[in-house]
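Structure first, commentary second.
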Amino acid sequence: MAVEFVHRHFCLKMKTEVLSIDRRKINREELAIAGEIIKKGGLVAFPTETVYGLGGDGLNPASSKAIYEAKGRPSDNPLIIHIADIEALSSIVKDIPDIAKTLADRFWPGPLTMILPKSDIVPYETTGGLDTVAVRMPRDEIALELIRQGGGYIAAPSANTSGRPSPTKASHVYEDLAGRIEMIIDGGEVGIGVESSIIDITGDKPTILRPGYITKEMLEEIVDSVEYDPALTCVTGDIKPKAPGMKYRHYAPKAKLTVVEGHPNSVREAMKKYIADNREKGVKTGIICDREDRNYFFESDYVICVGSVDDKEEVARRLYDALREFDKTDVDEIYSVSFGNEGLSVAIMNRLLKAAGQNVIRV
Ligand code: TXA
Ligand code: MG
């Protein structure tokens, strides 16, 4: 099949092809077509183990510009370059410190992104003008094959419209980007559901810029001491985050979202009261909670249980879908329970609080 390629600048609304791939039997020829689109400067959304990415050739400045345009993303927010083999790393970074080797050995392929000094072949359009570059080798087999077929260096932010929750299903990508990109590869639902952990190893101490599935504890098993970017724990927003993307409000549903923190019993009682008060005022209330708590909130207009209280992996996997789901309802206000503060909960709460614009009630 020949690849029909329309030059982006002459095409306001293009046809977005959806390619479904069976992961038990990955069809390399079909992915070769997708790879060809990337090599010619086009954009292909694809599954990774974390969230769906919007891929373009990371070494082609025009592709990176097209990514920003399709997402409506500010161009000072740098992209992650995805690679499929460790040899590729040495061409896009200036040098590889020992710690990068150790981390790559242990966590690649996987949901870890490293920030390193960029080499000259990486265009500033990809790094948002920075002299550093974010690199990740994903674990998803479809992603890896696409990277190989697409020239080896795929720049990919999450495949959502800027500000919306990251996509965990191909249908989410379609909602946001149909008509704006050449192709969406549908590889089913992702396994992790929150974006990769980002670690900056350009400074004195390895620093987590964005928490994810690879936790601080997991990193500290092999690296002496790891810090969090102070901006991550600063509620007033006075400290500027080191990952430019972390400064933007993200993942926000259309209805006002509030996170309720405190002892589980107090949280339940408070949320039941908000539901009752809202009902009196004619305000429709949505609830995000653990499966075990569903029955407490039967009076609310819409309840989404994102997982079991003992299964944070399920919560992470389903959170973005839940936030998108509320946009299809007519609720006016959403209240969410909080989901802990260690391990994977750090990433879950980071995304949830961003979606809430840091709007928290402590009870
Ligand atoms: O799991 C993921 O990381 C997904 C999948 C598709 O791989 N990608 C993703 O990309 O989440 P994106 O663009 O949505 O988020 C990348 C984050 C942004 O917050 C950006 O500011 C930060 O990485 N970043 C990229 N390059 C950086 C750099 N050189 N220095 C500091 N932060 C950087
Ligand atoms: Mg994103």
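With region 160-234 as the region, which strands (runs of 3 or more DSSP E) entirely inside it contain at least 3 residues that are under 22 Å from residue 344 (Cα atoms), modelled with pLDDT of 95 or more and in contact with a Lys or Arg (Cβ under 8 Å, 6 or more places away or on another chain)? First the steps, then the outcome.
Numbers: elements: 183-186, 197-200, 207-210.
Because the criterion is at least 3 residues that are under 22 Å from residue 344 (Cα atoms), modelled with pLDDT of 95 or more and in contact with a Lys or Arg (Cβ under 8 Å, 6 or more places away or on another chain), the strands (runs of 3 or more DSSP E) in region 160-234 that meet it are 197-200, 207-210.
Take the residues of region 275-319 that are part of a loop (DSSP other than H, G, I, E, B) and of a type in the set (Val, Ile, Thr): which is modelled with the highest pLDDT?
The initial filter retains those residues of region 275-319 that are part of a loop (DSSP other than H, G, I, E, B), namely 282-284, 298-301, 308-311.
Within this subset, residues satisfying the condition of being of a type in the set (Val, Ile, Thr) are 283, 309.
Working: 283: 97, 309: 87.
Among them, the one singled out is 283.
Just to be sure before I move on: is residue 272 surrounded by 14 or more Cβ atoms within 10 Å (Cβ to Cβ), among the basic types (Lys, Arg) and part of a loop (DSSP other than H, G, I, E, B) in the structure I sent?
Details: surrounded by 14 or more Cβ atoms within 10 Å (Cβ to Cβ): yes; among the basic types (Lys, Arg): yes; part of a loop (DSSP other than H, G, I, E, B): no.
When the stated conditions are applied, residue 272 does not pass them.
Looking only at region 60-88, which residues are farther than 21 Å from residue 17 by Cβ, surrounded by 20 or more Cβ atoms within 10 Å (Cβ to Cβ), of a type in the set (A, V, I, L, M) and more than 9 Å from ligand 1 (Cβ to nearest atom)?
The answer is 83, 84.
If I ask for residues that are among the aliphatic types (A, V, I, L, M) and farther than 14 Å from residue 153 by Cα, which ones from region 35-56 would you list? Outline the logic, then answer.
Residues of region 35-56 among the aliphatic types (A, V, I, L, M): 37-38, 43-45, 51, 54.
45, 51 - these are the residues of region 35-56 that are among the aliphatic types (A, V, I, L, M) and farther than 14 Å from residue 153 by Cα.
Being within 10 Å of ligand 2 (Cβ to nearest atom) and either surrounded by fewer than 20 Cβ atoms within 10 Å (Cβ to Cβ) or among the aromatic types (Phe, Trp, Tyr) (or both) is the filter; apply it to region 162-204 and report the residue that is farthest from residue 61 (Cα to Cα).
Selected residue: 163.
Sort out which residues of region 343-363 are part of a loop (DSSP other than H, G, I, E, B) and farther than 22 Å from residue 313 by Cβ, and write them in order of number.
Taking region 343-363 and keeping what is part of a loop (DSSP other than H, G, I, E, B), we get 343-344, 356-359, 363.
357, 358, 359, 363 - these are the residues of region 343-363 that are part of a loop (DSSP other than H, G, I, E, B) and farther than 22 Å from residue 313 by Cβ.
In region 162-178, what count of residues is obtained for those that are of a type in the set (Ser, Thr, Tyr) and under 19 Å from residue 17 (Cβ atoms)?
Of the residues in region 162-178, the ones of a type in the set (Ser, Thr, Tyr) are 162, 166, 168, 171, 174.
Adding the requirement that they be under 19 Å from residue 17 (Cβ atoms) leaves 171, 174.
Residues meeting the conditions: 2.
Pick from region 178-196 the residues that are closer than 23 Å to residue 247 by Cβ and of a type outside the set (Ser, Thr, Tyr): which of them is nearest to ligand 1 (Cβ to nearest atom)?
Start the filter on region 178-196 by keeping residues that are closer than 23 Å to residue 247 by Cβ, which leaves 193-196.
Among the residues that remain, those that are also of a type outside the set (Ser, Thr, Tyr) are: 193-195.
Values: 193: 10, 194: 8, 195: 3 Å.
Only one residue fits best here, namely 195.
Please specify each residue of region 19-57 satisfying the condition of being crowded, with 23+ Cβ neighbours inside 10 Å and of a type in the set (Ser, Thr, Tyr).
Answer for region 19-57, where residues must be crowded, with 23+ Cβ neighbours inside 10 Å and of a type in the set (Ser, Thr, Tyr): 48, 50, 52.
Just for region 320-339: of the residues that are assigned to a loop (DSSP other than H, G, I, E, B) and of a type in the set (Val, Ile, Thr), which one is surrounded by the fewest Cβ atoms within 10 Å (Cβ to Cβ)?
Ranking the qualifying residues of region 320-339, first place goes to 329.
The values are calculated or read from the model by the stated rules, or taken from the named source; none is laboratory data. No experiment lies behind these values; they were computed from the predicted model shown. Heads up, the Cβs are rebuilt from the backbone with ideal geometry, glycines too, and the neighbour counts pull from every protein chain shown.
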